[in-house]
Amino acid sequence: MQWYEHVIVDSGRAAALWALLAFLVTFAGTRAVTRRIRAKKAAGPAAAGGGLADVHIAGVHVHHQVWGILLVLGAGLVEFRWDPGRPWTELLAVAFGAGAALALDEFALWFHLDDVYWGEEGRKSIDAVLLGGALGFFLLLQAAPVGPEAGTGSLGLWLYLLTVGLHLATATVCVAKGKLATGVIGVVVPVVATVGAVRLAKPGSAWARRRYGEHRLARSRRRFGERYRRRHDRIRDLIGGVPDAAPSGGAQAPGAGRKVG
């Protein structure tokens, strides 16, 4: 406990630690439940029962992002209004982290306004969860979101403003190059944004369309081609599960992708 008090509490990391742990545990548990329900559905009526099923209220399928949004809103409102201090701040951080995991696990449903949880588009949820986890980790390390603190005097202030400006500019370039995760993480870790800004843009990005000629665009397509996508998809499928195979013709089968609320 002395180590926890000295390293975590005294440094102001306690809330960030508990939020990150709740985020990771909730995401892992949610995916385990949804994959189990998916397997039961695939097995047919013989596998019915067992307590795990979609949540319906008044005949409406309630997705688990709803509970996540309510948890995030509730925890934030209580913290902002009452600032209860320890140990309540840590408990609110747990609620916030769990709610964020539930909400981001269905990020693809926000984006497409459709139940694509087990579709190809559902992989966007895994990207969102990985990004949220990475940001939580870097914030736990107490990385500053907008660069170092300002120095004393006018020279120190101008150097600070210049550093922050360059920092945000490189993060913006990353986003323009189609590297959203790199840009967002780069806001917290400047070196990530710098590397992402220097390297090649993705072929479908605004940067590539406006600034690349045929030769460089061809290089980008080779760099971010089929091999890159397969490698990326393997990582996402390992974490979240393999999407349902789309039927011939590209249309999703009726009821495909439905999962736990």
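For the reader, a short list of remarks on this structure follows.
- Gyration tensor over alpha-carbon atoms, segment 65-142, equivalent ellipsoid semi-axes in Å: 27, 15, 7
- The chain - percent relative contact order, Cα under 8 Å, separation 6 or more: 21 percent
- Checking (1) 0.97; (2) 1.03; (3) 0.93 against Rg/Rh (Cα atoms, Kirkwood Rh) calculated from these atoms, the matching label is (2).
- Angstrom value of the Kirkwood radius, inverse mean 1/r, which spans all Cα pairs in segment 1-119: 16.2 Å
- Cross-link partners for Lys124 among the aspartates and glutamates, with Cα-Cα distance under 15 Å and sequence neighbours closer than 8 places in the same chain left out: Asp105, Glu106, Asp114, Asp115, Asp233, Asp237, Asp244.
- With bins 10 Å wide beginning at 0, the percent of Cα pairs of segment 182-227 falling in each bin runs 28, 44, 26, 1.
- With N as its number of residues, segment 92-202 has a Cα radius of gyration that, divided by 2.2 N^0.38 Å, comes to 1.28.
- Over the residues of the chain, the helix contribution to mean residue ellipticity at 222 nm works out to -20500 deg cm²/dmol, using -39500 (n - 2.57) for each DSSP H run of at least 4.
- Pair Ala39, Arg209: separation of 7 Å Cα→Cβ label points (nm): 4.3 nm
- Peptide packing for 39-45, 101-107, 86-92, 177-183 was compared via the average number of neighbouring C-beta atoms within 10 Å per residue; ordered from the highest value, the list is 101-107, 177-183, 86-92, 39-45.
- With 0.36 nm allotted per residue and the present C-alpha distance subtracted, the Asp83-Ala245 stretch has 53.5 nm of extension available.
- Legend: translational diffusion of segment 61-109 by Stokes-Einstein, Rh = Kirkwood radius over C-alpha pairs, 10 °C, 1.306 mPa s; D = 145 µm²/s.
None of the figures in this text is laboratory data; all of them are computed from the coordinates on show. If you're wondering where the values come from, they're calculated on a predicted model, not measured in any experiment. Cβ sites come from the backbone with ideal geometry, for glycine too, and all protein chains shown count toward neighbours.
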